[in-house]
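Please read through the structure below; I'll follow up with questions.
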Ligand SMILES: Cc1ncc(COP(=O)(O)O)c(C=O)c1O
């Protein structure tokens with residue numbers, strides 16, 4: 001049993017601190033090297049690296065945590081491996097092999113076991129795999145050298161003191177282009193969403209609801225999460241994109257399976273018009289960090305849609321409790337999603 005770091009786990013926020021090791025593998029001459037753990041948390045590279053000029057960067061986010069019976073696990077890392085593979089291909093980077101991705105996650109979490117928060121603190125070890133173009137490019141083209149890296153850092157519970165509904169605004173900006181890169185996890189999408197995100201926060205909103213960038217008619221997603229809605233009859237409604245501009249959230253896909261296979265709900269996955277969402281009874285945003293953040297209100301120029309700021313709707317509550325129960329080991333993991341590391 002590794003002795004844990006002397007950290008006040010309960011008061012951690014979502015901030016970076018370096019741990020003992022990161023994982024690194026480099027791509028050169030058409031092949032990935034064998035990869036290694038490193039205590040060095042800095043990267044030195046050429047001023048002409050492709051990353052600096054043409055934004056060849058993709059990343060992932062997942063977390064390792066301790067279950068009630070003391071195992072260190074993470075949730076569906078194979079899905080992060082697959083999504084990063086797709087992200088890399090879309091911006092002409094050599095994809096990192098999926099089995100090696102999962103192996104690297106295991107290695108770096110094991111090496112930092114002392115930093116994995118104990119059960120019951122709500123804190124987790126955030127895992128951030130990313131890939132950057134390190135080779136020189138001056139003309140616009142893909143680089144020929146890359147680095148795959150994983151940093152890990154302990155972070156606090158997303159909700160301290162209970163889950164509370166949040167307020168959103170409908171953004172006047174887009175976070176992605178139609179048939180662009182919105183469906184991959186590339187840093188460039190997040191650069192594009194910073195201005196609307198800062199603007200939303202300055203007006204007191206927790207996040208933006210982005211509409212489809214082609215027609216501004218359909219609901220897409222928020223800056224960092226997919227949407228879920230509930231109809232009056234209890235059906236779960238999950239927006240799909242006409243323009244391939246929604247990131248395929250692993251939490252959302254898991255919640256659809258939970259809804260159908262654990263809770264017996266009917267699920268509709270389809271384009272969802274903005275002008276129909278005032279007919280729904282619940283709205284939530286889903287992603288790795290919060291699992292589900294209930295949405296209490298959505299404001300646009302000409303209307304205010306109220307789901308309720310006081311409490312979490314019953315379907316969102318049940319979905320959240322079931323998925324977090326599966327993650328913590330308190331509910332049977334029918335699909336083998338919980339991946340044991342140590
Ligand atoms: C734009 C965006 N949508 C959705 C999600 C949720 O995805 P996941 O459930 O895989 O964390 C994220 C976070 O990763 C995101 O950045």
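The values are calculated or read from the model by the stated rules, or taken from the named source; none is laboratory data. Since the structure is predicted, the reported quantities are computational estimates derived from the model, not experimental observations. For neighbour counting, all protein chains shown are included, and Cβ atoms are generated from backbone atoms with ideal geometry for every residue, glycine included.
So is residue 289 assigned by TED's automatic domain parsing to the domain that holds residue 195 and modelled with pLDDT under 95 or not?
So residue 289 fits the description; yes.
Could you list, in sequence order, the residues of the range 278-289 that are crowded, with 20+ Cβ neighbours inside 10 Å and away from the ligand (no atom under 16 Å from the Cβ)?
282
May I pose another question? Test residue 288 against the criterion of being within 25 Å of residue 122 (Cα to Cα) and in contact with a helix residue (DSSP H, G or I) (Cβ under 7 Å, 6 or more places away or on another chain), and give yes or no.
yes
If you don't mind, there's one more thing I want to ask. Is it true that some residue in the range 138-148 is surrounded by fewer than 20 Cβ atoms within 10 Å (Cβ to Cβ), part of a loop (DSSP other than H, G, I, E, B) and touching a strand residue (DSSP E or B) at 6+ places or on another chain (Cβ under 6 Å)?
Yes, because at least one residue in the range 138-148 is surrounded by fewer than 20 Cβ atoms within 10 Å (Cβ to Cβ), part of a loop (DSSP other than H, G, I, E, B) and touching a strand residue (DSSP E or B) at 6+ places or on another chain (Cβ under 6 Å).
Tally up the residues in the range 79-102 that are part of a helix (DSSP H, G or I) and either out of contact with any helix residue (DSSP H, G or I) (no Cβ under 9 Å at 6 or more places or on another chain) or within 18 Å of residue 35 (Cβ to Cβ) (or both), please.
The total comes to 14.
Something else: Any residue that is touching a helix residue (DSSP H, G or I) at 6+ places or on another chain (Cβ under 8 Å), buried (at least 17 other Cβ atoms within 10 Å of the Cβ) and in the same structural domain as residue 147 (by TED's automatic domain parsing) - is there at least one of those in the range 4-21?
Looking for residues that are touching a helix residue (DSSP H, G or I) at 6+ places or on another chain (Cβ under 8 Å), buried (at least 17 other Cβ atoms within 10 Å of the Cβ) and in the same structural domain as residue 147 (by TED's automatic domain parsing), one finds at least one in the range 4-21, hence yes.
Among the residues of the range 108-124, which ones are in contact with a strand residue (DSSP E or B) (Cβ under 6 Å, 6 or more places away or on another chain) and not in a loop (DSSP other than H, G, I, E, B)?
Selection gives 108, 109, 111, 115, 124.
While we're on this one: Taking the options 195, 190, name whichever one is away from the ligand (no atom under 14 Å from the Cβ), surrounded by fewer than 22 Cβ atoms within 10 Å (Cβ to Cβ) and not in a strand (DSSP E or B).
From the options 195, 190, the qualifying one is 195.
Can I ask one more? Name every residue in the range 255-266 that is farther than 13 Å from residue 227 by Cα and either outside any helix (DSSP H, G or I) or in contact (Cβ under 8 Å) with a residue 24 or more places away in the chain (or both), in order of residue number.
257, 258, 259, 261, 262, 263, 264, 265, 266, listed by residue number.
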